[in-house]
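Notes to accompany the following structure.
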Amino acid sequence: MNAPVRIALADDQALVRAGLRALLGNLGIEVVVEADDGGTLLDALADTSVDVVLSDIRMPGIDGIEALRRLRERGDATPVLLLTTFDDSDLLLRATAAGAQGFLLKDAAPEDLGEVIRRVAAGETLLQPVSTDPVRARYRFHDEAAPTDTFNTREVAILRLLAGGYSNREIAKSLFLAEGTVKNYVSTILDKLGTRDRTRAVLKAITLRVI
């Protein structure tokens, strides 16, 4: 029999935590750490290892994305799945840039939540909303047509930096390239994705699991 997935759960609302704990328990997922803000979460994870961190994004003090950044800064690579009630593409980009493995809207079906936690625990990255049909409908601006060509390692690296909101100059400095070279890469990436807009290109790349 497989061992249950062990998670840390962070949400500033006690009732939400209680509901998620009960729901996840029924799905065979064990909540071993609970926190009501990012600071408490970080302190708890210093002493306790888990398979996945499930955290609300919007919390007082240290929010979910800032907690994720601090985890990564101290070398903790535990997969993080961020929860939100907000249908906001900017949060998706911020979550990606901070190093999240998953991004989930709170009105996801219970079976979706359990599946995503297990897949993230197994090493997958699921940076696209998994939710009910009405929420999926609000993401119709995503163009899911296949790219015209594959992406090489350098192009994927640049796409990840674009997801973090970096300018061509900042990308050039990070990757030790000329700014003009980065501009040419970005143009090629946009052409392959069939868009002229950097933000939409990133969202489409996430949707298609290019990054």
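The values are calculated or read from the model by the stated rules, or taken from the named source; none is laboratory data. Note that this is a predicted model, so its numbers are computed, not measured. With ideal geometry, Cβ positions are generated from the backbone for all residues, glycine too; neighbour counts draw on all protein chains shown.
The figures follow:
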item	result
Residue within the stretch 137-147 that is at pLDDT below 85 and outside any loop (DSSP other than H, G, I, E, B) present	yes
Number of the condition not met by Thr78 [criteria: (1) at pLDDT 90 or above; (2) in contact with an Asp or Glu (Cβ under 7 Å, 6 or more places away or on another chain)]	(2)
Hits in the stretch 57-82 (condition: within 21 Å of Val31 (Cα to Cα), touching a Gly at 6+ places or on another chain (Cβ under 8 Å) and not hydrophobic (A, V, I, L, M, F, W, C))	Arg58, Asp63, Gly64, Pro79
Residue list for the stretch 1-16, filter: of a type in the set (D, E, K, R) and under 20 Å from Val120 (Cα atoms)	Arg6, Asp11
Pair list, Cβ < 6 Å and 6+ apart or interchain, from the stretch 176-196 residues that are under 11 Å from Thr148 (Cβ atoms) to residues that are of a type in the set (Val, Ile, Thr) and exposed (fewer than 14 other Cβ atoms within 10 Å of the Cβ)	Lys192/Thr148
Sole residue being in contact (Cβ under 8 Å) with a residue 40 or more places away in the chain and within 18 Å of the chain's Cα centre (by Cα), chosen from Val52, Val16, Val116	Val52
Single residue of the stretch 99-123 satisfying the filter (surrounded by 16 or more Cβ atoms within 10 Å (Cβ to Cβ), over 22 Å from Gln13 (Cβ atoms) and small (Gly, Ala, Ser)) that is modelled with the lowest pLDDT	Gly99
Residue selected from the stretch 1-14 under the condition of a type in the set (A, V, I, L, M, F, W, C) and either buried (at least 16 other Cβ atoms within 10 Å of the Cβ) or modelled with pLDDT under 90 (or both), by the criterion farthest from Pro110 (Cα to Cα)	Met1
Test: Glu144 is among the charged types (D, E, K, R) and under 22 Å from the mean Cα position of the chain (by Cα)	yes
Search result, residues across the stretch 162-211 that are assigned to a helix (DSSP H, G or I) and β-branched (Val, Ile, Thr)	Ile171, Thr181, Val182, Val186, Thr188, Ile189, Thr199, Val202, Ile206, Thr207
Single residue of the stretch 148-207 satisfying the filter (of a type in the set (Phe, Trp, Tyr) and farther than 19 Å from Thr125 by Cα) that is modelled with the lowest pLDDT	Tyr166
Test: residue in the stretch 125-136 that is modelled with pLDDT of 75 or more, surrounded by 15 or more Cβ atoms within 10 Å (Cβ to Cβ) and of a type outside the set (Lys, Arg)	yes
